[in-house]
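Report on the following structure.
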Amino acid sequence: ELIRQVYPRFGMTPGLIVAPGFSRHPSVSAVMAAKCEDINDMFRCECVVDVDCTADGAQRYTDVKTVKEKSGLVSPHMAAVWPKVIAGGYPLYYSAVFAAITAYTDAGNDDVPNLSPSNKMMAVTATCLDDEDDTEVSIDKAQANMVASFGVITATNIIGFRTWGNYTAVYPSSTDPKDRWFNCRRFFSWWGNSFILSYFQYVDRPLSKRLVKSICDAENIRGNAYVAQGKCAGARIEYQ
């Protein structure tokens with residue numbers, strides 16, 4: 001509920017909304033998804049939510065699809081993760097770990113969120129359910145692929161535990177690349193936010209063809225640089 005205060009207070013646009021554990025409740029995850037759009041009437045971001053893996057949730061990988069749909073996890077601005085993980089002997093909600101890995105991946109890439117946080121190594125020792133015994137569950141590659149096909153990110157142990165899956169929660173109901181892929185959706189949100197911040201100073205100035213051309217030229221130069229760096233396949237902005 002305080003997401004709208006982030007930029008006015010700290011001058012930073014939100015990147016990921018996370019509520020580890022609480023987000024397994026549909027009422028919380030729905031609000032998180034809603035808060036990702038039109039922040040301060042300008043910005044967008046993404047959220048990471050936990051798919052319920054308690055006794056009332058997905059205890060097996062085959063249950064993930066049903067629980068996801070029952071929980072209403074369908075937003076393109078949402079990454080849904082399952083189950084929990086164990087690190088240092090402590091059970092952790094996967095959303096917290098996955099969000100940290102996502103931020104770490106960005107930090108090592110000039111803070112440009114074009115890289116996928118999937119198939120990244122994690123310092124965890126097991127995956128587990130959300131119960132009193134932290135019951136361990138083993139997820140092989142075939143099972144991980146099935147979970148990913150539901151639009152849910154999971155973890156698997158292949159030469160060490162690693163994240164697995166790059167679909168947003170909107171998949172498979174939508175296959176639009178800008179909404180389907182978590183890194184693509186984040187890249188579009190991030191670029192839109194940075195564009196607004198770069199040129200907000202020109203709001204309410206007299207509009208002229210020269211001003212429009214200068215903005216488009218500057219942004220296209222920036223886009224060409226990202227293309228040259230391999231951070232996007234192509235980039236072009238036009239005024240219509």
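The values are calculated or read from the model by the stated rules, or taken from the named source; none is laboratory data. Values in this document were obtained by computation on a predicted structure and should not be read as measured data. Positions of Cβ are generated from backbone atoms using ideal geometry, with glycine treated the same way; all protein chains shown enter the neighbour counts. Surface areas here come from the heavy atoms of the whole protein model, side chains and all, with no ligands, DNA or RNA. Shrake-Rupley method; radii C 1.70, N 1.55, O 1.52, S 1.80 Å.
Find all pairs meeting these conditions: Cβ atoms under 9 angstrom apart; at least six residues apart or on different chains; first residue within segment 216-240 and modelled with pLDDT under 95 and open to solvent by less than 100 Å² (accessible area, probe 1.4 Å); second residue in a helix (DSSP H, G or I) and of a type in the set (Asp, Glu).
Going by the 9 Å Cβ cut-off, the qualifying pairs are Ala235/Glu219; Ile237/Glu219.
In segment 12-42, what residues are in contact with a Phe, Trp or Tyr (Cβ under 6 Å, 6 or more places away or on another chain) and within 16 Å of Glu1 (Cβ to Cβ)?
Answer for segment 12-42, where residues must be in contact with a Phe, Trp or Tyr (Cβ under 6 Å, 6 or more places away or on another chain) and within 16 Å of Glu1 (Cβ to Cβ): Val28, Asn40.
Could you please let me know if Ala155 is among the aliphatic types (A, V, I, L, M) and open to solvent by less than 40 Å² (accessible area, probe 1.4 Å)? Give the steps one after another, and end with the answer.
Details: among the aliphatic types (A, V, I, L, M): yes; open to solvent by less than 40 Å² (accessible area, probe 1.4 Å): yes.
Considered against the rule, which asks whether it is among the aliphatic types (A, V, I, L, M) and open to solvent by less than 40 Å² (accessible area, probe 1.4 Å), Ala155 comes out as yes.
If you go through segment 50-64 one residue at a time, do you hit one that is assigned to a helix (DSSP H, G or I), touching a residue at least 24 places away in the same chain (Cβ under 8 Å) and surrounded by 15 or more Cβ atoms within 10 Å (Cβ to Cβ)?
Within segment 50-64, one or more residues are assigned to a helix (DSSP H, G or I), touching a residue at least 24 places away in the same chain (Cβ under 8 Å) and surrounded by 15 or more Cβ atoms within 10 Å (Cβ to Cβ).
In segment 165-205, how many residues are closer than 21 Å to Ser71 by Cα and not in a helix (DSSP H, G or I)?
Total meeting the criteria: 12.
Run down Val152, Val170 and say which single residue is touching a Pro at 6+ places or on another chain (Cβ under 8 Å) and at pLDDT 95 or above.
Val170
Output yes when any residue across segment 93-114 is surrounded by fewer than 23 Cβ atoms within 10 Å (Cβ to Cβ) and on the phi > 0 side of the Ramachandran plot, and no when none is.
yes
How about segment 115-127: which of its residues are surrounded by 14 or more Cβ atoms within 10 Å (Cβ to Cβ), over 18 Å from Asn183 (Cβ atoms), of a type in the set (A, V, I, L, M) and under 22 Å from the mean Cα position of the chain (by Cα)?
Of all residues in segment 115-127, those surrounded by 14 or more Cβ atoms within 10 Å (Cβ to Cβ) come to 115-118, 120, 122, 124-127.
Narrowing the set further to residues that are over 18 Å from Asn183 (Cβ atoms) leaves 124-127.
This time we only want the ones that are of a type in the set (A, V, I, L, M), so: 124, 126.
Answer for segment 115-127, where residues must be surrounded by 14 or more Cβ atoms within 10 Å (Cβ to Cβ), over 18 Å from Asn183 (Cβ atoms), of a type in the set (A, V, I, L, M) and under 22 Å from the mean Cα position of the chain (by Cα): just Val124.
Filter segment 171-215 for residues that are polar (S, T, N, Q), closer than 26 Å to Met12 by Cα and loosely packed, with under 14 Cβ neighbours inside 10 Å and give the result. Spell out how you get there, then give the answer.
Residues of segment 171-215 polar (S, T, N, Q): 173-175, 183, 189, 193-194, 198, 201, 208, 214.
Adding the requirement that they be closer than 26 Å to Met12 by Cα leaves 183, 189, 193-194, 198, 201, 214.
Within segment 171-215, Ser198, Gln201, Ser214 meet the criteria.
Looking at Thr13, is it open to solvent by 20 Å² or more (accessible area, probe 1.4 Å) and in a loop (DSSP other than H, G, I, E, B)?
yes
So is Asp130 touching a residue at least 60 places away in the same chain (Cβ under 8 Å) and open to solvent by less than 60 Å² (accessible area, probe 1.4 Å) or not?
In short, yes.
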